[in-house]
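Contents: one structure, followed by commentary.
Since every read-out is calculated from the coordinates, none of them should be taken as a lab result. These numbers come from a predicted model, not from an experiment. Using ideal geometry, Cβ is built from the backbone for each residue, glycine included, and neighbour counts are taken over all protein chains shown.
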Amino acid sequence: MPDPFLDPLPWLILLPLAWGALAFVAGPGRGGGLALVGLTGQLGLALVLAVQVVESGARSHAVGGWGAPLGIDLLADGLAVAMLLLTQVVALPQAVYARAYFAQGAGQFWPLAGFLLAALNALFLSADLFNIYVTLELVSLAAVGLVALGGKPGQVAAALRYLLVSLTTSGAYLMGVALIYGVYGTVSLATLAPLVTHQPPLAVWLAVGLMGLGLLAKTALFPFHFWLPPAHGGAAAPVSALLSALVVKASFYLLLRLALGPFVSLAAEAALLLGMLGAVAILWGSWQALRTVHIKMLVAWSTVAQLGYLFLAFPLLAADGLALQAGVMQALAHGLAKAAMFAAAGVLMLATGRDTLAGLAGAAGRVPLTLFAFALAGITLMGLPPSGGFLAKWLLIDAALHQGQVGWVVVVIGGGLLAAGYVFRVLRQAFLHGPPEAPIQPVHPVSRSMEWATFLLAAASVLLGLRGVELVALLERGMP
Amino acid sequence: MTPGLIFALAGVGLFVLGLGGVILLAQSLRRILAFNLMGSGVFLVLVGLAQRDGNPDPVPQAMVLTGIVVAVAATALALALARQFGDREDA
Amino acid sequence: MSLNELLPLGVLASSLVPGLIIFTLPESRIRVRTVLNLLGALTKMILVGVLLAGVSAGEDYGFRHTVLPGLDLVFKADALALLFVTLSSVLWLFTTLYAIGYLEGAPHRSRFFGFFSLCVTATMGIAMAGNLFTFFVFYELLTLATFPLVVHRGTPQAMKGGTVYLAYTLGGGALLLTGIVWLHGLTGSVDFAYGGYLAGLDPAYEGQLKIAFLLLIAGVGVKAAIVPLHGWLPQAMVAPAPVSALLHAVAVVKAGAFGVVRIVYEVYGVEFAQGLDLLLPLAVAAAVTILWGSVRALFQDDLKKRLAFSTVSQVSYIVLGVALFGPLGTVGGLVHLVHQGIMKITLFFCAGNFAETLGIHKVSEMDGAGRRMPLTTLAFSIGALGMMGAPLTAGAVSKAWLMDGAGASGMDWAIGVLWTSSLLNAAYFLPILWRAWFRASPTSWPDEHIPARGRRETAWLLLLPPLVTAAAVLVAGMFAGAEWSPLSWALLIADREYLLWRS
């Protein structure tokens, strides 16, 4: 056992907590530089961890040397490391972006962002149901604070709605945990796995139902998506990016983890329903994105649609590893692309002084790099090659064909065409020459660092499509 | 019927009441209170089901304590937001 | 990495890298941009020259990168790939020169040349794709990179044309993807191979293979503008003339036609496709397209629209050649891939010159244009005569091989189609030539931008490219037997597809 002080696992949680707290002490609007240093460190830690896991398999860490059941165990397997990497890779360019975006005053953005990242990293490393509950709540609290950051009435209302949804769903989840503990006397995922049988007592069915519903609502799967567009569409651009790219993925990750881990035999019963809800989400989210007049709402509705793809993986999970790879690839590709797209939307709104699609006319000439980034992110969302989104869809189609479930293929390909519809709504408008409409907000000069951070994220989402082999190698490590 | 089971059933009842409140009520303050009811229900279930062979089990006790801390923090945030929201409604 | 792996990548990079740098250049850095463009084009020509020499000496060039277990990005520069690569890289050089002259003083040139380079990169990728997946990657990239060029003018009409273009091509891409994953499900990831790789499959799959063929051909048929999937091509005429040249001669429709070639020859295999009764329907579709395009061209007064329908018709000559079962038709189709390119690009350069210099957009405005712009009109005439298949032009060579091919495969009706099309071509091109050369000039031109100065009828950069390509039309026709001609290269490819047919 190596020196516990050198283990990257706890540091991934402590580091963001530290710079978040320091930023709070430093006062409103300060701490951006600190965050950059901390995030660079986190990215390094996540990479080290990834190498360790690929080389020597999953690894765990007993916090403080206590060990379960009273202490907390952290666990890093391939799936967790993939999500950790996504989190740090998205967060670092977002921090660069946010420093420029919040030039007028960041409020409490930096402390909240630090807490959010600490909570997310802790969530991905959790190895028991109760610790998952605590980290879920921490993620929600930080996220709600971020949504309310601007203090505009719409933002506060969206934040309050978001908070109540989060609290209710966490409550449902915790009830499930209580029932599971009552039946099995443990909440450790590893200990539970052999205990849960095909014919469990009623209380376990109830518990799985409550936990599942709670997590589904947090992931905003249709028909629980109602809270997402106002919360994500209304927040400040860097906040929307973090929420859409990372926060909704956290609950998806948990669903995947539970469905593959202790509750594998029970999850199969609901898999078909989840897949169908995912298909409906793709259609409904895309349809709304095709109709809305606001740029950021378009991007937010696109999140609803893209989350649907994640759930197409569930009916195909049982047979082989393809569907899991597809789900994780889609989570990563969408995370990067959506962070880029919200960042791009933020730049476009600053540069044109308008928040509607109609106001975008001629933007191609003013912020070409950002528009290019938007288009690259769009390629991922449309699932066109060689992007990460394409690989995700290819894997899904491959899995569906292997299992003779051809219907999903139609959904995947049709969803890509719908995505093309809403992505090109934006691009067409931006290429249109013509007198720009009068800005309704002051037009800001856009700093180059914002444009480049956006571009970097978008480029990463596309280049991910050339590195599928590494992801597969990572996922095959330490999976149940 | 053991006392533990009675606690647990009462907890489920409180949870359902609270859940109904959060979904059906309109006013923010009532919904926040309803959420606290839900939380209390869950804690009762945890404590109630955890009495194995009459000996208290320390693990769920620790969980309930943690849960209470989380619930208090969440309630504080919800109240602050509701007030801010309410102030603007009034203005 | 060996040199044989690096060369195909170099061909891609020689347009990708300059393109990406150009994107970041400010509008005013005209000289840097021009130097980068030309440097890229010349580098590419040199690399292609090395590849040509190597392939004719029997070298293999290829590169492979695994993106997922069982899914490879494969490039191979074989004889067939190089036919398309050479055509595109030579025409890219001339189109770039022409575009520099054409867009002088116009806005957004960095963006234009950036996407222009991306288009050519995508075309190179399509040409050198070593399996269906790689083909699809670049096929979609081509769609995305051409969209900003089609809507470059930014007017509402341009947007309408661009939207139609996208709807067709992305829809086609979805069909193509469906077909590709279907085959992937049956065979796994397999590279293109001479003679195809599906023949060994269980006969129980024949029905599925037929449906997959339909999906694949429909997917590439959109870009090849096979009727009824041709609707985007006339709409895309709103684009600037260099873009039209790119769409019609260098990249887009050629990518579609090239896809048909690869699918029939190297996925299904021509014998296996014939065995599945797939070639006759394809030939019929091509014949219908040839006639329909020609008939529609007759009734267009807009010069570029007439040329667009002419493209619809001419590209299907290639498809017809592929669908004629036998080596003679193959040679005819492949050589027409090159010949149609140089003829059509000449015509579009000239149409652009008439529009830019005199403001002529319609056939009915062409009266007397030959006296005002003799060199342009001469080049236009050579291109038009080539399209009709007049002797001594490149068009005559391809038509002769196609007709022989139709005769050899017993499809005599195809000969009738080709003759009818030639007559129709004459019917829509000769009136233009007659107006331009023999009618009196009007007192004033619709919108004269560039005044004549002595011998110089228009800007040099606009005049030189069509003259060179027109000369190429004649050279390819008169020296078709030479060792370096497109015809000889097409024969080399046919030798490899049909083993020993000439012995």
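Could you work out, residue by residue across A:178-190, how many beta carbons of other chains sit within 10 Å of that residue's beta carbon, and then give the average as an integer? Spell out each step's value before the answer.
On the way: counts 18, 6, 1, 8, 10, 1, 0, 6, 1, 3, 0, 0, 0.
Shielding by partners across A:178-190 averages 4.
Among C:ILE493, A:ILE282, what is the fewest-to-most ranking by other Cβ atoms within 10 Å?
Working: C:ILE493 23, A:ILE282 26.
By the 10 Å Cβ count, ascending: C:ILE493, A:ILE282.
Going by Cα centres, the range B:33-86 and the range A:144-195 are how many Å apart?
Spelled out, the Cα-based centre of one part sits 12 Å from the other.
Find out how many positive minus negative residues lie around A:TRP394, taking Lys and Arg as positive, Asp and Glu as negative, among other residues whose Cβ is under 15 Å from that of A:TRP394.
Values: positive: A:LYS393, A:ARG467; negative: A:ASP320, A:ASP398, C:ASP72, C:GLU140.
My count for the surroundings of A:TRP394 gives -2.
Which lysines have a Cα lying under 29 Å from the Cα of A:LYS152, excluding residues fewer than 8 positions away in the same chain?
A:LYS218, A:LYS249, A:LYS296, A:LYS338
By counting other Cβ atoms within 10 Å of each Cβ, how are C:GLU5, A:GLU137 ranked from fewest to most?
Numbers: C:GLU5 14, A:GLU137 24.
Arranged by neighbour count, lowest to highest, C:GLU5, A:GLU137 become C:GLU5, A:GLU137.
Kirkwood Rh over alpha-carbon pairs of the range C:290-397, then Stokes-Einstein at 25 °C and 0.890 mPa s: what D in µm² s⁻¹, rounded to an integer? Numbers along the way, then the final one.
Numbers: Rh = 14.5 Å.
After rounding, the answer is 170 µm²/s.
Where a Cα-Cα gap under 16 Å defines reach, which lysines qualify for C:LYS305, not counting those fewer than 8 residues away within the same chain?
Cα-Cα hits under 16 Å: C:LYS160, C:LYS344, C:LYS362.
Checking the cross-link filter: which aspartates and glutamates have an alpha carbon closer than 19 Å to that of C:LYS223, excluding same-chain neighbours under 8 positions apart?
Reachable aspartates and glutamates: C:GLU140.
What does the structure give for C:269-281 when I average, per residue, the other chain Cβ atoms found within 10 Å of the residue Cβ? Could you put the intermediate results ahead of the total?
Numbers: counts 0, 0, 0, 0, 0, 0, 0, 0, 0, 0, 0, 0, 0.
For peptide C:269-281, the averaged partner shielding equals 0.
Sorted by mean Cβ packing within 10 Å, highest first, what order do the peptides A:109-118, C:29-38 take? Kindly include the intermediate steps, with their values, before the conclusion.
On the way: A:109-118: 26.8, C:29-38: 15.6.
Packing order, densest peptide first, comes out as A:109-118, C:29-38.
Need one value for B:70-79: mean number of C-beta atoms belonging to other chains within 10 Å of its residues' C-beta atoms. Walk me through the numbers on the way to the answer.
Numbers: counts 10, 5, 0, 3, 10, 1, 1, 10, 8, 0.
The shielding value for this peptide is 5.
How long is chain C along each principal axis, judged by its Cα atoms, biggest number first, in Å?
That works out to 72, 53, 44 Å along the principal axes.
Quick one: net charge around C:PRO69, please, counting Lys, Arg +1 and Asp, Glu -1 for every other residue with C-beta under 15 Å from its C-beta.
Details: positive: A:ARG467, A:ARG477, C:ARG64; negative: A:ASP320, A:ASP398, A:GLU470, A:GLU476, C:ASP72.
Net of charged neighbours comes to -2.
Only residues of the range C:345-370 count here: report those whose backbone N is under 11 Å from the spot 7 Å along Cα→Cβ of C:SER444, or say none.
From the range C:345-370, the list is empty.
So what is the calculated 222 nm ellipticity per residue for chain A, using -39500 (n - 2.57) for each DSSP H run with n of 4 or more, over all residues, to the nearest 500 deg cm²/dmol? If you can, show how the numbers build up before the last one.
Values: 20 runs with 346 residues, N = 480.
Taken over chain A, the calculation gives -24000 deg cm²/dmol.
Given only helices, namely DSSP H runs of n ≥ 4 each adding -39500 (n - 2.57), what is the per-residue ellipticity at 222 nm of chain C, to the nearest 500 deg cm²/dmol? Don't jump to the answer; show the numbers that get you there.
On the way: 20 runs with 353 residues, N = 503.
Value at 222 nm, helices only: -23500 deg cm²/dmol.
For a quick protection proxy, order the peptides A:220-230, C:121-131 by their average other-Cβ count within 10 Å, most packed first. Please list the in-between numbers first.
Numbers: A:220-230: 20.9, C:121-131: 26.7.
In decreasing order of mean packing, A:220-230, C:121-131 become C:121-131, A:220-230.
For the protein assembly as shown, just the Cα atoms, rotate onto the principal axes and tell me the three extents in Å, largest first.
108, 66, 51 Å, listed from the longest principal axis down.
Taking the Cα atoms only, what angle lies between the long axis of helix C:303-323 and the longest principal axis of chain C, rounded to 10 degrees?
The angle comes out at about 20 degrees.
Among C:MET45, A:MET382, which comes first, second and so on when ranked by fewest other beta-carbon atoms within 10 Å?
On the way: C:MET45 15, A:MET382 26.
Fewest to most other Cβ atoms nearby, the residues stand as C:MET45, A:MET382.
What does the C-alpha gyration tensor say about the overall shape of the range A:242-312? Classify as rounded when a/c is under 1.5, otherwise prolate if a/b is larger than b/c, or oblate. Before the final figure, lay out the partial values.
Details: a/c = 5.54, a/b = 1.82, b/c = 3.05.
Because a/c hits 1.5 or more and a/b fails to exceed b/c, the range A:242-312 counts as oblate.
Count the net charge of all other residues whose Cβ sits under 11 Å from the Cβ of A:ALA364, scoring Lys and Arg as +1 and Asp and Glu as -1. Could you put the intermediate results ahead of the total?
Numbers: positive: A:ARG366, A:ARG428, C:ARG111; negative: none.
Residues near A:ALA364 contribute +3 overall.
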